[in-house]
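The next block holds one structure in the form of structure tokens; read it before the comments.
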Amino acid sequence: MMRIVYVNGDYVPEDEAKVSVFDRGFLFADGVYEVTSVLGGKLIDFSGHAARLRRSLGELEMESPVTEEALLAIHRELVSRNGIEDGLVYLQVTRGVADRDFAYPAEPKPTLVLFTQSKPGMADAPMARTGLSVISIPDRRWGRRDIKTVQLLYPSMGKMMAKAEGADDAWMVEDGAVTEGTSNNAYIVRDGTIVTRQLGEEILHGITRKAVLALAREAQMKVEERPFTIEEAQAADEAFVTSASTFVMPVVRIDGATVGTGEPGPVAARLREIYLKESRKAAI
Ligand code: PDD
């Protein structure tokens with residue numbers, strides 16, 4: 001089935017969706033993105049993703065090509081045209097087309113592309129019942145990971161390093177502490193307390209992270225935002241990751257060591273359940 005894709009104002013079949021070879025997204029990775037999940041045909045936490053997009057653009061002195069209202073309409077139109085029940089909407093804004101030059105163009109015309117990915121039953125992923133196995137790798141990304149740029153080569157390499165070792169994903173480590181997963185935020189649970197790295201330039205400020213921590217606090221669970229090491233994670237009762245594409249996903253092995261019982265733990269399972277329930281309720 002041919003998808004309908006959005007490119008700079010037009011809805012076109014995916015094989016007609018084209019961007020210039022001079023686009024700065026292609027030449028310099030000069031662009032930012034968002035991934036918003038869709039459950040039951042509705043967008044999960046659209047306003048959170050729109051707010052982070054605004055912030056990413058602002059940090060890079062880029063203008064938003066359309067208003068937030070128009071962005072929502074485009075998301076909805078794509079979900080509808082592509083008949084997405086469960087899946088994702090991917091959005092990318094680049095600084096646009098300009099002759100190759102490291103300096104930003106004086107009058108940039110941003111490129112805006114959105115497409116959908118259908119993932120039937122994504123809320124019932126079998127991985128949520130078995131849990132992920134992760135390896136640790138050094139964090140070799142740039143220093144502004146709070147900006148959601150399309151520079152994803154190192155995270156891609158990390159996934160490949162994990163695959164080569166028979167694992168599912170990698171957790172990145174800097175100055176002895178875990179920063180985050182290749183495409184998710186990382187957590188451990190110790191004596192009932194949820195521990196996750198504090199916000200800063202070292203990690204992406206996950207939209208799922210924000211929602212899950214708020215729900216955890218509402219449910220009277222204790223949350224500590226601080227760095228933790230791989231050794232602490234291996235000795236923890238539970239571990240898990242969060243992202244728009246996986247929601248709350250348990251981690252049961254870290255560098256070959258079993259976490260807790262080796263089965264997904266009760267805190268991750270409960271958070272996954274509450275998160276899915278509440279986000280379905282608030283979906284638009
Ligand atoms: N990735 N950290 C990194 C490095 C990420 O790439 C992501 C999301 C997250 C979680 O953020 P959120 O909860 O807002 O999805 C944390 C998306 C899903 C992706 O690249 O596909």
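The values are calculated or read from the model by the stated rules, or taken from the named source; none is laboratory data. For clarity, every value in this text was computed on a predicted model and none was experimentally measured. We place every Cβ from the backbone using ideal geometry, glycine too, and count neighbours over all the protein chains shown.
Scanning the range 198-210 for any residue that is modelled with pLDDT of 95 or more, more than 21 Å from ALA177 (Cβ to Cβ) and not hydroxyl-bearing (Ser, Thr, Tyr) turns up at least one such residue. Taking the criterion of being under 15 Å from ASP169 (Cβ atoms) and not aliphatic (A, V, I, L, M), would at least one residue in the range 228-240 satisfy it? Yes: one or more hits. In a residue-by-residue description of the range 151-163, the property of being within 11 Å of the ligand (Cβ to nearest atom), farther than 18 Å from GLY256 by Cα and part of a strand (DSSP E or B) applies to no position.
Residues that are within 14 Å of VAL267 (Cα to Cα) and surrounded by fewer than 18 Cβ atoms within 10 Å (Cβ to Cβ) were ranked within the range 191-215; the one that is nearest to the ligand (Cβ to nearest atom) is THR193.
Among residues of the range 77-95 that are under 20 Å from VAL21 (Cα atoms), those with a beta-carbon under 7 Å from a residue that is within 16 Å of the ligand (Cβ to nearest atom) and of a type in the set (Ser, Thr, Tyr) at least six positions away or on a different chain give the pairs LEU91/TYR33; GLN92/TYR33. Residues in the range 115-149 that are more than 14 Å from the ligand (Cβ to nearest atom), more than 15 Å from GLU202 (Cα to Cα) and in a strand (DSSP E or B): 5 in all.
Filtering SER118, SER133, SER156 for residues that are hydroxyl-bearing (Ser, Thr, Tyr), surrounded by 14 or more Cβ atoms within 10 Å (Cβ to Cβ) and closer than 23 Å to VAL252 by Cα leaves a single hit, SER133. Can you give me the number of residues within the range 39-77 that are among the polar types (S, T, N, Q) and assigned to a helix (DSSP H, G or I)? The total comes to 2.
Taking the condition of being within 16 Å of the ligand (Cβ to nearest atom) and more than 16 Å from LEU215 (Cβ to Cβ), how many residues in the range 251-273 meet it? Give the derivation first.
Taking the range 251-273 and keeping what is within 16 Å of the ligand (Cβ to nearest atom), we get 251, 268, 271-272.
This time we only want the ones that are more than 16 Å from LEU215 (Cβ to Cβ), so: 251.
Of the residues in that region, 1 qualify.
Identify all residues within the range 9-26 that are in a loop (DSSP other than H, G, I, E, B) and more than 22 Å from ASP99 (Cα to Cα); write none if there are none. The one that is in a loop (DSSP other than H, G, I, E, B) and more than 22 Å from ASP99 (Cα to Cα): GLY9.
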